[in-house]
Amino acid sequence: MADRVTVIGWDGSPLTAAARSALGAATLVAGAAHHLALPEIPPSAEHVRLGSVALAARRIAGHRGTAVVLADGDPGFFGVVRTLRAPEFGLEVEVVPGVSAVAAAFARAGMPWDDAQVVVAHPRTLRRAVNVCRAHHKVAVLTAPGAGPAELGLLLEGVHRTFVICEELGTDRDRVTVVTSDKAADHTWRDPNVVIVMGGPVAPAEDGGWIAGRDPAAGPRGWALPAEVYGGGLGEGETEVVRAAQLARLGPRTGDLVWDIGCGSGAFATEAARCGAAVIAVDHDADACGRTSLAARRHGVQLQVVHGTAPHVLENLPEPDVVRVGCGSAAVVSAVADRRPERIVTHAATRDAAELIGRSLSEHGYDVGCALLQSVELDTRAWTEKERSVAFLLTGQLQRRDGRGAEGRPDVPRDPVVRPAR
């Protein structure tokens, strides 16, 4: 095992005294081609071209001497430090950090970034990164070949965003370009690059906030908020009890895309967006679309509203992770199931209708659950009954090939993916 392992983050600026000292004593140096070309690299040391970090870590673990690993930016931020410290290699490392590419990108743009989400995009996680860009007003995307600015722009079709694209930061070829998302595919971009994606309503805290990223305390406390919060007049599938059960069954989260078909007042769509998910709300009623947009603005969340009739309007929508069918027939549920979301939730007013929908979900390979929800609202002044509601709540969970419920969509990696430091 190497006697000492030092990881140096390089951001294009002159190396620090600590970095030069570590390199001077190195008997093995691992890095990309541009790192190994630095004049401070000792010619007598063994040079390892850094491709797979895991392979390099095994090489270092078997080396007798002093090793140095060079990486771009801050190697502890989506970088090589995590892999080098993995138990399977047994390496203890010292880190000399550089400025991360995210910090450098926002500095070049002249913007604060404590309120930004930061995501990594590569071909297997591109869709989830795009969903974060749909749901949040400021996102920094660390890109990869095949998952760059052009691909982000194409997948954001129908959602207007501004891209600040920072190419080859820290080099003498660095460039910062501002384009709208629909124009990003018209250009060829140099790797590596960072894309700052901005758009939608912004409501910064007066004191600058207290937590990085999205403030979890934003908006009213609680879920399944009362009808009056949304202007009253909620539909039968939008009552507080039904809405709470729907949210619990679907579990929308950051990186997900939620379809809300038959969005009505926008109550469910808004609350799914408050969970951090990207939401596409669909309704055939133009007034319902307007109410949904208004509810989203009032609560400071972003969602896309599509006016059209299901199931035909669903054909051109991007792939969903979870879907709520607020009002619709078994035909709509069947069309949704054809798109293979992980979970589907809907409701029926009668047992016959519930059985019909349940059979359709089963035929599409979903495990089906059904619960009869009954709620009675009381007037607490006299403790008398005000309103009673009954609904059959149906949930479909997609089966995996091994017969168990699906844990996520197939394009979500199960194993951790290590990228060079940024």
Quiz prompt | Lys/Arg +1, Asp/Glu -1 at C-beta; the chain dipole; positive extreme among Ala330, Trp189, His160 | solution = Trp189
Quiz item: Can you pull the percent of region 147-187's accessible area that's carbon plus sulfur, 1.4 Å probe, other chains left in place?
Solution: 49
Quiz item: So what's the angle, to the nearest 10 degrees on a 0 to 90 scale, between helix 240-250 and the longest Cα principal axis of the chain?
Solution: 40
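Heavy atoms only, 1.4 Å probe, whole protein assembly: order Ser21, Ser389, Ser52, Ser44 by accessible area, highest first.
Numbers: Ser21 80, Ser389 35, Ser52 55, Ser44 110 Å².
The residues order as Ser44, Ser21, Ser52, Ser389, largest area first.
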Exercise. Using a 1.4 angstrom probe, figure out how much accessible area the chain has per residue, in square angstrom, rounded to the nearest whole.
Key: 48
Quiz item: Mind checking the dipole of the chain: about its Cα centre, +1 per Lys or Arg Cβ, -1 per Asp or Glu Cβ, Debye to the nearest 20?
Solution: 820
Practice problem: Note the angle between two axes, namely the Cα long axis of helix 286-298 and the longest principal axis of the Cα atoms of the chain, as a number of degrees from 0 to 90, rounded to the nearest 10. | Solution: 50
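Mind checking the full-extension length gain between Glu385 and Glu92? Use 0.36 nm per residue of separation minus the Cα-Cα distance, one decimal, nm.
Working: separation 293, 0.36 × 293 = 105.48 nm, distance 6.65 nm.
That pair, Glu385 and Glu92, stretches by 98.8 nm at full extension.
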Practice problem: Just the number, please: carbon plus sulfur as a percent of the accessible area of region 260-404, 1.4 Å probe, no ligands or DNA/RNA counted. | Solution: 48
Quiz item: How high is the relative contact order of the chain, given as a whole-number percent (alpha carbon pairs under 8 Å, six or more residues apart)?
Solution: 14
Self-check item: Radius of gyration and maximum dimension Dmax of the chain, Cα, Å
Solution: 25.6, 89
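Please list the equivalent ellipsoid semi-axes of region 193-310, computed as the square roots of five times the alpha-carbon gyration tensor eigenvalues, in descending order and whole angstrom.
Values: eigenvalues 115, 57, 39 Å².
Over the Cα atoms of region 193-310, the ellipsoid semi-axes are 24, 17, 14 Å.
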Practice problem: Set Lys and Arg Cβ to +1 and Asp and Glu Cβ to -1, take the dipole of the chain about its Cα centre, and tell me which of Thr254, Ile344, Pro43 lies farthest positive. | Solution: Pro43
Exercise. Rounding to the nearest 20 debye, state how big the charge dipole of region 80-134 is about its Cα centre with +1 on each Lys and Arg Cβ and -1 on each Asp and Glu Cβ.
Key: 420
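Just to verify a number: FRET efficiency for Thr188 and Leu294, C-beta to C-beta distance, R0 = 35 Å, to 0.05?
On the way: r = 41 Å, r/R0 = 1.16.
Once rounded, the FRET efficiency stands at 0.30.
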Quiz item: Quick one: of the DSSP bridges fully inside the chain, what percent are antiparallel, nearest 5?
Solution: 50
Practice problem: Quickly work out the His47-to-Glu168 label distance, labels modelled 7 Å from Cα along the C-beta direction, and quote it in nm with one decimal. | Solution: 2.0
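At 25 °C and 0.890 mPa s, what whole-number value in µm²/s does Stokes-Einstein give for the translational diffusion of region 88-157, with Rh from the Kirkwood sum over Cα pairs?
Working: Rh = 13.8 Å.
Taking Rh from Cα pairs, D becomes 178 µm²/s.
Given charges of +1 on the Cβ of Lys and Arg and -1 on the Cβ of Asp and Glu, with all other atoms neutral, how large is the dipole of region 235-297 about its Cα centre, in debye to the nearest 20?
Values: 6 positive and 9 negative charges, 61 e Å.
Charge dipole of region 235-297: 300 debye, to the nearest 20.
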Quiz prompt | Highest-fluctuation residue, Ala56, Ala121, Ala295 considered, GNM on the chain with Cα pairs under 10 Å | solution = Ala56
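Using the beta-carbon distance between Val178 and Ser329 and R0 = 41 Å, what value does 1/(1 + (r/R0)^6) give for FRET efficiency, to the nearest 0.05?
Values: r = 46 Å, r/R0 = 1.12.
Taking R0 as 41 Å, the efficiency between Val178 and Ser329 is 0.35.
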Practice problem: Could you check which residue among Thr16, Thr384, Thr254 shows the biggest mean-square fluctuation in a GNM of the chain with a 10 Å Cα cutoff? | Solution: Thr384
Quiz item: For region 35-164, how big is the tail of P(r) above 23 Å, as a whole percent of Cα pairs?
Solution: 46
Practice problem: Could you tell me what percent of the accessible area of region 8-54 is made up of carbon and sulfur, with a 1.4 Å probe and every protein chain present? | Solution: 59
Quiz item: For region 127-211, what is the per residue volume of the convex hull drawn over the alpha-carbon atoms, in cubic angstrom?
Solution: 113
Self-check item: Cβ-based charge dipole, the chain, positive-most Cα from Leu398, Ser21, Ser375
Solution: Ser21
Quiz prompt | Relative contact order computed over region 29-171 (Cα-Cα under 8 Å; 6+ residues apart), in percent | solution = 16
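Starting from the alpha-carbon convex hull of region 4-99, give the projected area averaged over all orientations, in nm².
Working: hull surface 21.3 nm².
The directionally averaged projection comes out at 5.3 nm².
The values are calculated or read from the model by the stated rules, or taken from the named source; none is laboratory data. All of these numbers come straight from a predicted model, not from anything done at the bench. Positions of Cβ are generated from backbone atoms using ideal geometry, with glycine treated the same way; all protein chains shown enter the neighbour counts. In case anyone asks, the SASA skips ligands and DNA or RNA and just uses the protein heavy atoms, side chains included. Shrake-Rupley method; radii C 1.70, N 1.55, O 1.52, S 1.80 Å.
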